[in-house]
Structures are given as C-alpha cells and as structure tokens.
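Enquirer: Handing you a structure now.
The values are calculated or read from the model by the stated rules, or taken from the named source; none is laboratory data. Note that the coordinates shown come from a computational prediction; the quantities given were computed from them, not determined experimentally. Every residue, glycine among them, receives a Cβ derived from its backbone with ideal geometry; neighbour counts consider all protein chains shown.
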Amino acid sequence: MIGSSTQYCHDDTIICGVDEAGRGPLAGPVYAACVILGKGHCIEGLDDSKKLSASKRSLLAIAIKNHAKAWAIASASVKEIDQFNILRASLLAMKRAVESLTVIPDQVLVDGIHSPTLSYPVRAIIRGDSLIPEISAASILAKTERDLEMQRLHTHFPYYGFDQHKGYPTRKHLVALERYGPSEIHRKSFAPIRLLKFDY
C-alpha cells in the first residue's frame, strides 16, 4: 500500500519524486523520470513499477502524463554508463530529468540510498517507490519509457531478444551473447560482456 508524501513535507510543499529504470541490464541506456503530482491528484493504483504488470504500467503512464502537475524523462547512454559507471550514469539521468522540469520543486525525493546533486533540497528514501506516490509515478514512467526504447532497439538488434528481456541477463540473452558477441548497445564495462573477450 502506498504511503503519503505528506510525512516528508508540509501540505503546500511542491514534491518531486524521482526514480530510475535499467541499472541491472547488460544493454541499453539507463532511464530516469521525475513527477510532481500536485495536491489532490486523481491517479489511483500507483505502486513500485516492478509490482505492476506491463499493461497496468502502460495505463498508469498515460494517466500520469495526463494528470500530473509536471513530469520529465531523461536517460544516460551506454557510452556514459561505460565511462562513468552505472551508478553515476543513473544519477546523471536523474539530474537531467529534474533539471528539465517546467515546475520548480520545493523538495526532491529519490528512491534508494543515493541521490543526484541538485540545486533543490534532496532526500533519498529507501523503498520510496513503494511508499511515496510521486516516486511510484516516476518509477512507472522510467520503466515504461525504457521498455519502449528496448523494443525499438530490438528491431535493430533482433538476435538478442531485447523485446522479451529488455537487456537483462536472462539465459537466452547470455546464449545469444556467446553466439553473436556484444552489439554496440551492450555495456562493455559490465563483467559478463567484458569477460567475453571479443574484439569490438
């Protein structure tokens, strides 16, 4: 059950929730989203995106985009992941998302234990995607947007099954890597790719 963000702020505070999607996969960019729901929002069913079916996430993503006070989505590329490491790339995507908002937040609440450096007050909330509606909404937008990107990338790299596993290290994905080697969108700094020792 989703808790209330009012325990972290006063009633008139503009709260921005932030979350990322795609830290664990072996391929593709990492995405982040931020959402300001505003007081009295009418979006029901918000929860950690991992607890929702794909169809439910898609419906909620539409509702969030239509009814939230403000929202933004950003990403960090595979090149940036390999250059900076996945944590720093995730924080970079979060920073990009928040800084592209059209509404200035009073406080930014981020899922997890790490938070980006911003010009606004920031607080990391463990299990925030299950506790804070704004973070849940951000979780849903980040996940749905990244899934759409992996579906698109599947059309360019069909051998790996990105449309099914979205780049995560499933058995099918690992078998495809052994057979075809990594593509240009694989994270070459990640051990399962780096240890293949292909020339690329």
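Table: residues versus (1) surrounded by fewer than 20 Cβ atoms within 10 Å (Cβ to Cβ); (2) part of a strand (DSSP E or B); (3) in contact (Cβ under 8 Å) with a residue 60 or more places away in the chain.
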| position | (1), (2), (3) |
| --- | --- |
| 135 | no, no, yes |
| 143 | no, no, yes |
| 154 | yes, no, no |
| 192 | yes, no, yes |
| 196 | yes, no, no |
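Enquirer: So residue 27 fits all but one of (1) surrounded by fewer than 24 Cβ atoms within 10 Å (Cβ to Cβ); (2) in contact with a helix residue (DSSP H, G or I) (Cβ under 8 Å, 6 or more places away or on another chain); (3) closer than 19 Å to residue 187 by Cα; what number is the exception?
Expert: (1)
Enquirer: Moving on to the next point. Out of curiosity, is residue 57 surrounded by fewer than 24 Cβ atoms within 10 Å (Cβ to Cβ), touching a strand residue (DSSP E or B) at 6+ places or on another chain (Cβ under 9 Å), modelled with pLDDT of 95 or more and among the basic types (Lys, Arg)?
Expert: On the way: surrounded by fewer than 24 Cβ atoms within 10 Å (Cβ to Cβ): yes; touching a strand residue (DSSP E or B) at 6+ places or on another chain (Cβ under 9 Å): no; modelled with pLDDT of 95 or more: yes; among the basic types (Lys, Arg): yes.
Against the criterion (surrounded by fewer than 24 Cβ atoms within 10 Å (Cβ to Cβ), touching a strand residue (DSSP E or B) at 6+ places or on another chain (Cβ under 9 Å), modelled with pLDDT of 95 or more and among the basic types (Lys, Arg)), residue 57 does not qualify.
Enquirer: Something else about it: How about region 109-132: which of its residues are part of a helix (DSSP H, G or I) and surrounded by 20 or more Cβ atoms within 10 Å (Cβ to Cβ)? Break it down stepwise before answering.
Expert: As a first pass, look at region 109-132 and keep what is part of a helix (DSSP H, G or I): 128-131.
If the condition is that a residue be part of a helix (DSSP H, G or I) and surrounded by 20 or more Cβ atoms within 10 Å (Cβ to Cβ), then 128, 129, 131 are the ones that fit.
Enquirer: Restricting the search to region 71-100, which residues are more than 18 Å from residue 128 (Cβ to Cβ) and surrounded by fewer than 19 Cβ atoms within 10 Å (Cβ to Cβ)? Outline the logic, then answer.
Expert: Let us first name the residues in region 71-100 that are more than 18 Å from residue 128 (Cβ to Cβ), namely 74-86, 88-89, 92, 96, 99-100.
Result: 77, 79, 80, 82, 83, 84, 85, 88, 96, 99, 100.
Enquirer: Criterion first (more than 13 Å from residue 134 (Cα to Cα), surrounded by fewer than 18 Cβ atoms within 10 Å (Cβ to Cβ), out of contact with any helix residue (DSSP H, G or I) (no Cβ under 7 Å at 6 or more places or on another chain) and modelled with pLDDT under 95) does residue 106 satisfy it?
Expert: Numbers: more than 13 Å from residue 134 (Cα to Cα): yes; surrounded by fewer than 18 Cβ atoms within 10 Å (Cβ to Cβ): yes; out of contact with any helix residue (DSSP H, G or I) (no Cβ under 7 Å at 6 or more places or on another chain): yes; modelled with pLDDT under 95: no.
Taking the combined requirement at face value, the residue does not satisfy it.
Enquirer: Can I ask one more? Go through region 11-108 and tell me which helices (runs of 4 or more DSSP H), entirely inside it, have 2 or more residues that are aliphatic (A, V, I, L, M) and over 15 Å from the mean Cα position of the chain (by Cα). Working first, answer last.
Expert: Details: elements: 54-67, 78-84, 86-99.
So the answer is 54-67.
Enquirer: Now for a different question. Could you please let me know if residue 132 is touching a Ser or Thr at 6+ places or on another chain (Cβ under 6 Å) and on the phi < 0 side of the Ramachandran plot? Steps first, answer last, please.
Expert: Details: touching a Ser or Thr at 6+ places or on another chain (Cβ under 6 Å): yes; on the phi < 0 side of the Ramachandran plot: yes.
Spelling it out, residue 132 is indeed touching a Ser or Thr at 6+ places or on another chain (Cβ under 6 Å) and on the phi < 0 side of the Ramachandran plot.
Enquirer: If you go through region 156-179 one residue at a time, do you hit one that is touching a His at 6+ places or on another chain (Cβ under 9 Å), in a helix (DSSP H, G or I) and closer than 30 Å to residue 15 by Cβ?
Expert: no
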